[in-house]
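Every number here is computed from the coordinates shown, using simple stated rules; none is lab data. What you are looking at is a predicted structure, and each value in this text was computed from that prediction instead of being measured. Cβ atoms come from the backbone with ideal geometry, glycine included; neighbour counts cover every protein chain shown.
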2 protein chains.
Amino acid sequence: MTATVTVIGVDGDDLPATALKALADARLVVGGRSVLSRWAAATLGARSDGAARSGGSSVDGSSRGGGPRTIELTVPAELPGAALDALAASVEAGEPAVVLASGDPGYFGVLRALRERSVPTVCWPAVSYLQRIAAMIQRPWDDITVVAMRGRAFRKAVNVCRARPAVGALTAPGAGPAELGAGLVGWRRTLVVVQDVGGPHEELSIVDPAEAAARAWREPTIVLSLADLDRVGPAGWLAGGEPVPPADGWALGQDAFTHREGMGGSPELRALALARLAPRP
Amino acid sequence: MTATVTVIGVDGDDLPATALKALADARLVVGGRSVLSRWAAATLGARSDGAARSGGSSVDGSSRGGGPRTIELTVPAELPGAALDALAASVEAGEPAVVLASGDPGYFGVLRALRERSVPTVCWPAVSYLQRIAAMIQRPWDDITVVAMRGRAFRKAVNVCRARPAVGALTAPGAGPAELGAGLVGWRRTLVVVQDVGGPHEELSIVDPAEAAARAWREPTIVLSLADLDRVGPAGWLAGGEPVPPADGWALGQDAFTHREGMGGSPELRALALARLAPRP
């Protein structure tokens, strides 16, 4: 039987027995510091070499004490090239490997990189950070638009938080609650923040953008940006709400413009300009 | 302390200890037949009265054998008015209640109806059917558009499956894999179906629309409609893919039309017609 990479979502509860079995059989375990220390080191006696950490991951090349090799990820939701190389090499050598992911590995998580690399996987999903924060405030999340703020998407994600009433923002280093809050100062938004998600200092805070910008938050974090904390969107049929054209057309009617009468052009002209400009987040 | 309704997501694994405690304390337990029989009846000795079932739920008014009252839902993701009434009355009487939900109660689930009724809740999320089917085929799902096919949304949901390359379809009685398949006959789509999700006969099938239409499927089901089974959308930043206008404008360029040259009108005219028509799923 071919060796595989078992991708195990960790959501703070116990792991399924089959996942634990995969972990016990693994010769290589990859994950963020907290999940590694809880599941790999504590359970199996694996040892990671923190001193070797560099370039997004630390690789402990030796297998000391009989435990599996471990690679510690500095950004838990991202698999850097070195970690992908090691996982692919492990599978090619017939040695099963495990990736421990916080939250759901299939939702803006590590599963995508493994699939793109054509590494054979088995996936155990778990409750995502987004499901966790929504449940903490007793809010359904099917009407929530979800954005990942990592990398160059940060600016676009902030614009979506400005444009839409309920947005779930997946944070990343340098793109956290403080940076999002700074981008939303002056906008009528309430930010629901959970810091140290799944950790011993997990805490829910409800703040305005300015306060979010001023505080230091303990990673990992997850944020909901809400126009109204107490309001839930109507029951819908399309996840993320309805980003489709309104039923009455794509350009606002003439009576939607109260200032500078006659300066807004006709709805036809504005529709044409919008079509050509193609405004995007 | 005020009594609450504890909404517990069930995803086939064990329940968290706190959820089990809520279940042990409950005086009223509401849920679909399978979760009730596993968690309420088996664990607590509760009895439901199947003979009294009518109008979407069965209510066992008496509390025989010391167990809690139970209400069996015929459609697990929907709380009919009678069940909502009973839950609200239970909380008002100071008696804690539990709703057992299959999958994630916050994602097109029972949490929304409770919130709309202003019933105080505590929510334990779980892995949704969608996360489950995506993990079964080792596919990330952040680029998947998700539609709920219940009620009048069925026609719109089918149109989204025709328009977009990867759609997760949450089924409902009368709007299942067979009905979706019938709506997609003639379209180049592969349907991934899991039947009896979370049950003893859970099974993954990969079929074309005609075969999906011809088969009988055991509920509950979940479906992925994919233009290409092996292709995964590019890593994105917006959940459900990017339903925003393309960067080059809202109307296709003139060279996108090869037939009846000159008959398609100018891009400007077409953009204007689209803006006025406001086509929607």
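Counting only other chains, what is the mean number of Cβ atoms within 10 angstrom of the Cβ of each residue in peptide A:156-164?
The shielding value for this peptide is 1.
For chain B, give the magnitude of the charge dipole about the Cα centre (Cβ charges: +1 Lys/Arg, -1 Asp/Glu; no others), in debye to the nearest 20.
Working: 28 positive and 29 negative charges, 128 e Å.
Once rounded to the nearest 20, the dipole reads 620 debye.
In the neighborhood of residue A:128, defined by Cβ-to-Cβ distances under 9 Å, what is the net charge if each Lys or Arg adds +1 and each Asp or Glu adds -1?
-1
How would you rank B:78, A:72, A:203, going from fewest to most other Cβ atoms within 10 Å of each one's own Cβ? Spell out each step's value before the answer.
Working: B:78 19, A:72 25, A:203 12.
Ranking B:78, A:72, A:203 by Cβ neighbours within 10 Å, fewest first, gives A:203, B:78, A:72.
Tally Lys/Arg at +1 and Asp/Glu at -1 over every other residue whose Cβ is under 12 Å from the Cβ of residue A:98; what's the total?
+1
Which shape class applies to chain A: rounded if a/c is under 1.5, otherwise prolate when a/b exceeds b/c and oblate if not, where a ≥ b ≥ c are the square roots of the Cα gyration tensor eigenvalues?
Prolate, because a/c is 1.5 or more and a/b exceeds b/c.
Just to check I understand the Karplus step: with θ = phi - 60° and J = 6.51 cos²θ - 1.76 cosθ + 1.60, what whole-Hz values come out for segment B:97-113, glycine and proline as x?
Values per residue, Gly and Pro as x: 10, 9, 10, 9, 10, 7, x, 8, x, x, 10, 6, x, 6, 4, 4, 5 Hz.
At 222 nm, what helix-only mean residue ellipticity would chain A give, in deg cm²/dmol to the nearest 500, using -39500 (n - 2.57) for each DSSP H run of four or more?
Result for chain A, helices only: -7000 deg cm²/dmol.
Between beta-carbons, use under 14 Å as the cut-off and find the net charge around residue B:219, counting Lys and Arg +1, Asp and Glu -1. Intermediate results must be reported in sequence, preceding the final value.
On the way: positive: B:33, B:150, B:215, B:218; negative: B:78, B:179, B:196, B:202, B:203.
For residues surrounding residue B:219, the net value is -1.
Quote the FRET efficiency, to the nearest 0.05, computed for residue A:95 versus residue A:208 with a Förster distance R0 of 51 Å and r equal to the Cβ-Cβ distance.
Rounded to the nearest 0.05, the efficiency is 0.50.
At 7 Å along the Cα-to-beta-carbon direction for both residue A:268 and residue A:187, put a label point, then send me their distance in nm to one decimal.
Result: 3.5 nm between the two label points.
Between residue A:85 and residue B:27, take the C-beta separation as r, use R0 = 51 Å, and let me know the FRET efficiency to the nearest 0.05.
According to the calculation, E is roughly 0.35.
Convert each backbone phi in segment B:228-241 into a coupling constant with the Karplus relation 6.51 cos²θ - 1.76 cosθ + 1.60 (shift: θ = phi - 60°), then list the ³J(HN,Hα) values in order as whole Hz, x for Gly and Pro.
9, 4, 8, 9, 10, x, x, 4, x, 10, 10, 4, x, x
With a/c under 1.5 counting as rounded, go ahead and sort the protein assembly as shown into rounded, prolate or oblate using the C-alpha gyration tensor (a ≥ b ≥ c being the square roots of the eigenvalues; past the cut-off, prolate if a/b is larger than b/c, else oblate).
Details: a/c = 1.42, a/b = 1.13, b/c = 1.26.
Rounded, because the longest to shortest axis ratio a/c is under 1.5.
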